[in-house]
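Some notes on the structure that comes next.
The values are calculated or read from the model by the stated rules, or taken from the named source; none is laboratory data. Keep in mind the model is a prediction, meaning the values are calculated, not measured. Reconstructed Cβ throughout: ideal geometry from the backbone, glycine too, with neighbour counts over all protein chains shown.
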Amino acid sequence: MISIPLLIVGAGPAGLCAAYRAAEVGVDVLILDRAQKPGGQLVKQTHKFFGSEKQFASTRGIEIADILFKRLEDLPGRVELLTDATVIGFYEDGVVTAEVQGKFMKYRPEACIVATGASEKTLAFTGNDLPGVYGAGAVQTLMNEYGVRPGNRVLMIGAGNIGLIVSYQLLQAGVQVAAILDAADEIGGYLVHASKIRRAGVPILTRHTVGLAYGDEKVEHAIIHALDDEWNKIPGSEQQLDVDVICVAVGLSPLADLLWQAAVDMKYIGALGGYVPLRNSDMMTSVAGLYIAGDVAGIEEASSAMVEGEIAGISAAGRLGFSSEESHLLKKDCLQQLRQLRAGPGSEKIRTGMALAGAYV
Amino acid sequence: MNSNRILEHPILEFSEGSDIPFSFDGKELVGKSGDTIASALHAAGVRVLGHHFKTGHARGFYCAIGNCSSCLMIVNGVPNVRVCVEPLKAGMVVNSQNDRGVLP
Ligand SMILES: Cc1cc2nc3c(=O)[nH]c(=O)nc-3n(C[C@H](O)[C@H](O)[C@H](O)COP(=O)(O)OP(=O)(O)OC[C@H]3O[C@@H](n4cnc5c(N)ncnc54)[C@H](O)[C@@H]3O)c2cc1C
Ligand code: FES
């Protein structure tokens with residue numbers, strides 16, 4: 001059993017920012033991440049980020065990951081980051097278990113920040129288990145991390161930002177995109193992305209979905225159809241597309257298994273992607289000393305994940321007796337930044353969801 | 001052989017990488033350093049990683065980050081390995097998995 005002041009689960013933007021703020025005021029931090037390298041979702045984001053300057057807008061995601069990681073050196077508190085380290089258990093008595101580089105480990109942290117991110121949702125249609133039906137994150141990982149083309153011709157399901165960005169990245173990798181479908185009336189993602197893709201000749205069909213995928217043990221064809229006002233199939237609207245990949249970009253849900261184990265109070269909030277932990281303005285859950293940040297606290301963006309991470313880091317440090325005049329001011333500023341990030345008309349749903357989850361809005 | 005590899009990209013640079021030989025269902029294949037088992041198989045044109053133990057449906061990967069268990073295979077005799085997050089090593093013996101797996 002190893003006793004430590006602060007354990008952070010997940011080295012995505014949320015976890016890395018939390019570590020920075022806690023170590024800055026002198027807390028020793030251990031971060032565990034199950035991946036082979038830190039950065040979370042950022043390591044496959046080749047596009048320049050939108051958002052505000054404080055959160056590195058117009059820097060590519062992959063570069064942001066590097067910046068967040070490198071600034072953890074030479075802080076008053078020591079930051080130890082272990083990769084290939086999966087946290088597997090949270091117990092009532094505060095013990096956390098993990099598989100760290102093949103070894104079973106037990107930790108007793110005084111405070112803990114869970115920043116595990118999200119998992120991809122899937123979609124019900126006939127043939128959705130065929131090889132070639134891949135989540136959008138998987139397609140990105142394959143292309144941008146391993147340099148492997150997912151296929152030759154892709155049907156994209158979902159015209160939110162992720163669907164649009166991944167479509168563009170597919171084109172950059174020399175892969176054809178047959179079409180982008182979305183069941184909604186309108187394109188959910190930013191129109192700048194949509195126009196760029198349309199200019200490249202990819203049709204974006206709203207009120208459309210995929211009904212069937214088929215082929216010999218892998219995707220070879222898809223049948224798509226239009227939807228009426230009640231979201232029913234419009235008879236006769238079927239079209240066959242010859243594609244070898246169907247990329248599913250229909251959203252994410254919080255990866256909250258560890259929080260269920262820790263028995264924190266959870267609530268289903270559709271606008272935040274599913275079950276999310278209730279929290280206070282310090283990002284603390286109903287379990288004292290257990291904090292959350294980033295997509296696990298509600299699906300948003302890297303920008304808000306970073307700010308939530310900072311708040312969780314400052315708050316956890318404060319609980320451990322490490323705080324300063326500056327850190328109080330900084331927390332206030334972070335809360336203000338969150339408010340700004342969620343201020344736009346497009347964030348209406350997020351604001352309502354966050355209020356239901358107990359967040360400061 | 002490695003026709004699915006991206007050689008030219010407007011933003012990213014993929015270094016050549018050294019060859020990593022491994023076997024898949026008895027066939028000799030070659031991956032690249034930095035690959036996972038799944039990325040090496042995909043680059044070699046292999047999409048079917050196994051079959052569902054009940055329905056017999058072909059299985060491929062889905063999330064590629066170790067979340068969904070859609071990509072379980074038998075690696076060096078050990079079943080239920082999530083090949084999407086398992087780094088490829090020279091000489092690995094990789095086999096399709098069509099059942100729940102039996103521990104060695
Ligand atoms: C295609 C795409 C485009 C995007 N574009 C933008 C954009 O332009 N601007 C923007 O602001 N946001 C963007 N985002 C969103 C952004 O990437 C995410 O919101 C952000 O990465 C969430 O950060 P996080 O730290 O909460 O989680 P993640 O980045 O998902 O990190 C979670 C980390 O936790 C680790 N982990 C999970 N479970 C465990 C466990 N049990 N034990 C140990 N480690 C664990 C994971 O390995 C991972 O490293 C985009 C997302 C996608 C998919
Ligand atoms: S594809 Fe999801 S765990 Fe490997």
Sole residue being within 11 Å of chain A (Cβ to nearest Cβ) and of a type in the set (S, T, N, Q), chosen from B:Ser96, B:Ser70
B:Ser70
Output for segment A:275-296, where each listed residue is assigned to a strand (DSSP E or B) and surrounded by 21 or more Cβ atoms within 10 Å (Cβ to Cβ)
A:Val276, A:Pro277, A:Met284, A:Leu290, A:Tyr291, A:Ile292
Within segment A:308-331, track down each residue that is more than 20 Å from the chain's Cα centre (by Cα) and in contact (Cβ under 8 Å) with a residue 60 or more places away in the chain.
A:Ile314, A:Ala316, A:Ala317, A:Arg319, A:Leu320, A:Phe322, A:Ser323, A:Ser324, A:Ser327, A:Leu330
Looking at segment A:97-127 only, could you name the residues that are of a type in the set (D, E, K, R) and touching a strand residue (DSSP E or B) at 6+ places or on another chain (Cβ under 9 Å)?
A:Glu99, A:Lys106, A:Arg108, A:Glu110, A:Glu120, A:Lys121
Return yes or no: is A:Tyr134 at pLDDT 95 or above, closer than 22 Å to A:Gln169 by Cα, aromatic (Phe, Trp, Tyr) and not in a loop (DSSP other than H, G, I, E, B)?
yes
Please list, ordered by first then second residue, the pairs with beta carbon atoms under 6 Å, 6 or more apart or interchain, first in segment A:332-356 and closer than 24 Å to A:Lys267 by Cβ, second not in a helix (DSSP H, G or I).
A:Leu335/A:Tyr360; A:Ile350/A:Arg342; A:Arg351/A:Arg342; A:Arg351/A:Val361; A:Gly353/A:Ile269; A:Met354/A:Val361; A:Ala355/A:Val361; A:Leu356/A:Ile269
So which residues in segment A:123-142 are surrounded by fewer than 24 Cβ atoms within 10 Å (Cβ to Cβ), at the interface with chain B (Cβ under 7 Å from one of its Cβ atoms) and touching a residue at least 24 places away in the same chain (Cβ under 8 Å)?
A:Leu130
Going through segment A:164-187 in order, the residues found to be farther than 16 Å from B:Tyr62 by Cβ and in a helix (DSSP H, G or I) are A:Leu164, A:Ile165, A:Ser167, A:Tyr168, A:Gln169, A:Leu170, A:Leu171, A:Gln172
Could you identify the single residue in A:Ile113, A:Ile67 that is touching a Phe, Trp or Tyr at 6+ places or on another chain (Cβ under 6 Å) and either more than 14 Å from every other protein chain (Cβ to nearest Cβ) or among the basic types (Lys, Arg) (or both)?
A:Ile113
